[in-house]
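**Q** Can you keep this structure in mind? I'll have questions shortly.
Just so you know, all these numbers are worked out from the coordinates, no wet-lab data involved. Since the structure is predicted, the reported quantities are computational estimates derived from the model, not experimental observations. Cβ: placed from backbone, ideal geometry, glycine included. Neighbour counts: every protein chain shown.
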Amino acid sequence: MKVYYSLEDLPAFQNTVVTIGSFDGVHCGHQHILERVKQLSQSVDSQSVVITFNPHPRLVAQPNDKSVVLLNSVEEKVDLLEKYGIDVVVVVPFTKSFSEQTPEAYIENFLYKLFKPTYIVIGYDHRFGANRVGDTDFLRSLSPKFGYEVIEIEKQVIDDIAVSSTKIRKAIEATDIKTATRLLGHYFSFTGEVVKGQQIGREIGFPTANLQVTERNKLLPPHGIYTVLVHLPDGKVRQGMMYRGDRPVLKEHDNITIEVNIFDFKDDIYGQKMKVEIVEFIRPDRYFDSLESLVIQLADDERASREILQAIENQKIPRVAIVILNWNTPQYLKLFLPSVCGSRYGNFDVIVADNGSTDNSIETVRELNLDGIPAAMGVDRVKVVELKENYGFAKGYNMALKHEKLRPRSKDTPNGYDYYVLLNSDCRTSQGWLTPIISMMEKDRAVAAVQPKVLSYNKKRKFEYAGAGGGWLDALGYPFSRGRVFDNLEKDRKQYDDEAEIFWASGAAMVVRADLWHRFGGFDEDFWAHMEEIDVCWRMKRAGYKVMVQPKGVVRHVGGGTMDYLSPRKTYLNFRNSLYTLLKNEPLSKLLWLIPLRLVLDGVAGVKFLFDGQRKHVWSIMKAHFSFYGNFFYMLKKRRETAQLIEKERIAPENRAGILRGSIVWQYYVNKKTTFSEIVYDKKEKIADNENDENE
């Protein structure tokens, strides 16, 4: 992140996405604005820019008001803006003359001249110019003249409390640290220099670092004992407890002090700065009649602080539900469940959702011997959700993920799941497959779904049909993958080992945010099976979210475990559901020529099946089209409902990364390009001479 403290030092910005404000606290409301700024900047391939001010405008407008206190110093604010992923921060020197600009001059001579914005993102209550008379409507009125678009972010409400810096300050002043943390979205913190004290803490067994805070308008918590996290000068974070008060037991030392007892730490850090995050309020300051009584109380305070910090530590790792939808595949459960349970991830459960099996699948799960797996890696984690009948892949997963055992995390279900993993029963997972995927999603909240690299279980060097190295779509709606084009499966030579944005994630091994899954309605149950993962990913991407592949995670898939890839039933579902997906998601203007063209191309596919002697597949394609046209108006209604849902959940313009501009059919059959690299990158992969090792 680049930071500028002088307008004279600014580079020649172009096409920026800008937001403006004091951003005191960089709280949850601010973070919503920042997230939108980042998404828009990515959509126009530009920089995200935050414009803030120093000193705070209130200190300039009311220089004699000694009551003004701030949640952040400038340095703390800049650090938080970097934490939330902003590209550029401009700290504008705020002066009386700057504040007296007319709204017109502010827009033309400041915003437009210096930043050339494409988008200006502001909060619902943004005011600017002399006497703060400029507002959102005025900003929009000049947008045609200067070529920017105004995006207004609505008031953010948490637990029915509108988020504001003022309410956070009041919560801290009332020692309501939990509310302050919830509204901030992070811990309230301050920075101070470690100075020499009277070293009495060392004498009574609780050595402390005495902090001196020099920021004049910085808010500090009331007197009392607090649980804290301490950021040391070397970058390490340690646990501790903090005292702020006038030390009533030690009246001979008559001064207000901030003392931090860093647990299990004895190094000399005098003269260095450290940051303290306030985690929880333990108790108010009070008088003790002796040092012995104080020591006993401090021991209790330390014990309480360690318990609080341990509980928080346990909740830090996102909770994951690995959900395996099973129908009559006890052989795969017996073979592959141990590998799933042995995943090296710290907070997951394995749930087998049985789709009305008529065999001994459930008994197999309950009798599974996991004694060979270390306790921290899955023993006793296999749960069973029983569905009454075989609802198909799409409805089966929808019903399973609505079960009370699988609720997403929320304020009403704090122990719910953060992520769902949709995993086929015929998948073998590597031990470390899940951690890099969750890490990727935690770093970028715009990532809605991720798939691992999917390799063949039987042909060790080959990608597997279902998703391979990440799913793409061509302009006509035909799916293909990095490593798989039609039936051509490439060898894995690590040619697709880059973390990349894709269009759809494999339904064989898909990790999705639990809350987004429900907000976007899950799978379309009319699909039954096949293409439903493309449809749900498309919905999320239309709302501005990303779908990614994380090749550091590897899953080996048998494929065709419940329905053979050459099954006429699969052909019927693929062709029908592909048409359903297009009708639901493509613009009407494109559908006018796309649907007739698909009829022709699907007819060509039927002729190919006929010449190959596969007449049942010809009939499957015909039935697919009959079903599509018979349900045309029903799907149009669903199209309108989908559009409304997407607008409700939108975070950015539609994301079309992962769509090939041309035709995969043309490239494959006419241009004879058979690999993803040749088609997408116009690059032919170097292939080893020995092609007979597909079963290595």
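**Q** Using the Kirkwood formula over every pair of different C-alpha atoms, what hydrodynamic radius in Å results for the stretch 96-199?
**A** 16.8
**Q** Quickly work out the LEU601-to-ILE296 label distance, labels modelled 7 Å from Cα along the C-beta direction, and quote it in nm with one decimal.
**A** Here the answer is 8.1 nm between the modelled labels.
**Q** To continue, here is another question. Starting from the Kirkwood Rh over alpha-carbon pairs, what translational D in µm² s⁻¹ does the stretch 187-312 have by Stokes-Einstein at 4 °C and 1.567 mPa s? It would help to have the intermediate numbers written out before the result.
**A** Details: Rh = 14.7 Å.
Rounded to a whole number, D works out at 88 µm²/s.
**Q** On to the next question. Compute the helix-to-body angle for 74-83: its Cα long axis versus the longest principal axis of the chain, expressed 0 to 90° and rounded to tens.
**A** Between helix and principal axis, roughly 10 degrees.
**Q** Hey, with R₀ at 45 Å, roughly what FRET efficiency would THR214 and GLU108 work out to, going by the Cβ-Cβ distance, to 0.05?
**A** Plugging the Cβ-Cβ distance into 1/(1 + (r/R0)^6) gives 0.70.
**Q** Could you tell me how far the Cα centroid of the stretch 295-343 sits from the Cα centroid of the stretch 416-455, in Å?
**A** Measuring centre to centre over Cα atoms gives 16 Å.
**Q** Compute the label zone of LYS460 within the stretch 477-501: residues whose backbone N is under 16 Å from the point 7 Å along Cα-to-Cβ.
**A** Once the point is set 7 Å along Cα→Cβ of LYS460, 491-494 turn out to lie under 16 Å by backbone N, inside the stretch 477-501.
**Q** Which value, in debye to the nearest 20, describes the size of the charge dipole of the stretch 426-680 about its Cα centre when Lys and Arg Cβ atoms bear +1, Asp and Glu Cβ atoms bear -1, and nothing else is charged?
**A** Charge dipole of the stretch 426-680: 320 debye, to the nearest 20.
**Q** Under 20 Å Cα to Cα from LYS494, which aspartates and glutamates show up? Leave out anything in the same chain fewer than 8 places away.
**A** Those aspartates and glutamates meeting the cut-off are GLU464, GLU678, ASP682, GLU685, ASP689, GLU691, ASP693, GLU694, GLU696.
**Q** Let's see if you can work this out: charge +1 on each Lys and Arg Cβ, -1 on each Asp and Glu Cβ, no other charges. What is the dipole magnitude of the chain about its Cα centre, in debye to the nearest 20?
**A** The dipole of the chain has a size of about 1940 debye.
**Q** Okay, next question. Within the stretch 85-119, whose backbone N sits under 17 Å from a point 7 Å along Cα→Cβ of LEU59?
**A** 90-99
**Q** As a test, work out the antiparallel percent of DSSP beta bridges whose residues both lie in the chain, rounded to the nearest 5.
**A** On the way: 57 of 111 bridges.
Rounded to the nearest five, the antiparallel share is 50 percent.
**Q** Name the residue farthest towards the positive end of the dipole of the stretch 461-614 from the options LEU594, VAL607, GLN495, assuming +1 on Cβ of Lys and Arg, -1 on Cβ of Asp and Glu, about the Cα centre.
**A** The one lying farthest along the dipole's positive direction is GLN495.
**Q** Also, quick follow-up: If you take the C-alpha gyration tensor of the chain, multiply each eigenvalue by 5 and take the square root, what semi-axes do you get, largest first, in whole Å?
**A** The equivalent ellipsoid of the chain has semi-axes of 53, 34, 21 Å.
**Q** From Cα coordinates alone, what are the radius of gyration and Dmax values for the stretch 2-161 in angstrom?
**A** Both quantities, over Cα of the stretch 2-161: 15.0, 45 Å.
**Q** For ASP444, put the label point 7 Å out on the Cα→Cβ axis and report which residues of the stretch 516-532 keep their amide N under 19 Å from it.
**A** 516-517
**Q** Helix 28-43 versus the longest principal axis of the chain: what is the Cα-based angle in degrees, 0 to 90, to the nearest 10?
**A** 40
**Q** Count the DSSP beta bridges whose two residues both fall in the stretch 2-161, then state the antiparallel fraction as a percent rounded to the nearest 5.
**A** Taking every DSSP beta bridge with both residues in the stretch 2-161, the antiparallel ones total about 10 percent.
**Q** With point charges of +1 on the Cβ of Lys and Arg and -1 on the Cβ of Asp and Glu, referenced to the Cα centre of the chain, which listed residue (PRO222, ASN655, THR257) lies farthest in the positive direction of the dipole?
**A** Comparing the listed Cα positions along the dipole, ASN655 ranks first.
**Q** Of PHE13, LEU455, LEU434, which is farthest towards the positive pole of the chain's charge dipole, taken about the Cα centre with +1 and -1 on the beta-carbons of Lys, Arg and Asp, Glu respectively?
**A** LEU455
**Q** Could I ask something else about it? Once amide H atoms are built 1.01 Å from N in the peptide plane, which residues 5 or more positions from GLY123, or in another chain, come under 5 Å H to H?
**A** So GLY123 has HN proximity to ILE153.
**Q** Any idea how far apart LYS266 and GLU152 come out in nm if each label point goes 7 Å out from Cα toward Cβ?
**A** About 6.2 nm, to one decimal.
**Q** So which GluC sites (Glu not before Pro) in the stretch 67-136 pass both tests, a DSSP loop state and at most 14 other Cβ atoms within 10 Å of the Cβ? Each step should come with its number before you reach the end.
**A** Working: sites: GLU75, GLU76, GLU82, GLU100, GLU104, GLU108; in loops: GLU100.
Sites meeting the loop and neighbour criteria: GLU100.
**Q** If you filter the stretch 110-161 for GluC sites (Glu not before Pro), then keep DSSP loop positions with at most 10 other Cβ within 10 Å, what is left?
**A** Sites meeting the loop and neighbour criteria: GLU154.
**Q** Right, here's the next one. Would you mind pulling out the separation of the Cα centroids of the stretch 390-414 and the stretch 65-92, in Å?
**A** Between the Cα centres of the stretch 390-414 and the stretch 65-92 lies a distance of 41 Å.
**Q** OK, next. Sticking with the crude label model, points 7 Å out along Cα→Cβ, report the distance from LEU636 to MET622 in nm, one decimal please.
**A** 2.7
**Q** Remind me, relative contact order of the stretch 2-161 in percent, using alpha carbon pairs under 8 angstrom and six or more residues apart?
**A** Result for the stretch 2-161 is 30 percent.
**Q** On to the next question. Counting only pairs 8 or more places apart or on different chains, how many lysine pairs in the stretch 535-608 have C-alpha atoms closer than 22 Å?
**A** The number of close lysine pairs in the stretch 535-608 is 5.
**Q** Continuing with the same structure: Using the 2.2 N^0.38 Å rule of thumb for compact globular proteins, work out how the stretch 426-680 stacks up: its C-alpha Rg over that value, please.
**A** Here the answer is 0.97, to two decimals.
**Q** Please report VAL163, VAL549 as a ranked list, fewest other C-beta atoms within 10 angstrom at the top and most at the bottom. Let's see the in-between values first.
**A** Values: VAL163 21, VAL549 30.
Result, fewest neighbours first: VAL163, VAL549.
**Q** Could you state the number of Å between the C-alpha centres of the stretch 98-171 and the stretch 493-528?
**A** 37
**Q** Need the full-extension length gain, LYS383 to SER410, defined as separation in residues times 0.36 nm minus the C-alpha distance. One decimal, nm. Don't skip to the answer; put the middle values down first.
**A** Working: separation 27, 0.36 × 27 = 9.72 nm, distance 2.15 nm.
Stretched fully, the LYS383-SER410 segment lengthens by 7.6 nm.
**Q** Oh, and also: Rounded to the nearest 0.05, what FRET efficiency do LYS590 and ASP137 have when you use their Cβ-Cβ distance and R0 = 35 Å?
**A** Efficiency, from the Cβ-Cβ distance: 0.45.
**Q** Please give the helix 615-630 orientation as an angle from the longest Cα principal axis of the chain, in degrees from 0 to 90, rounded to the nearest 10.
**A** 60
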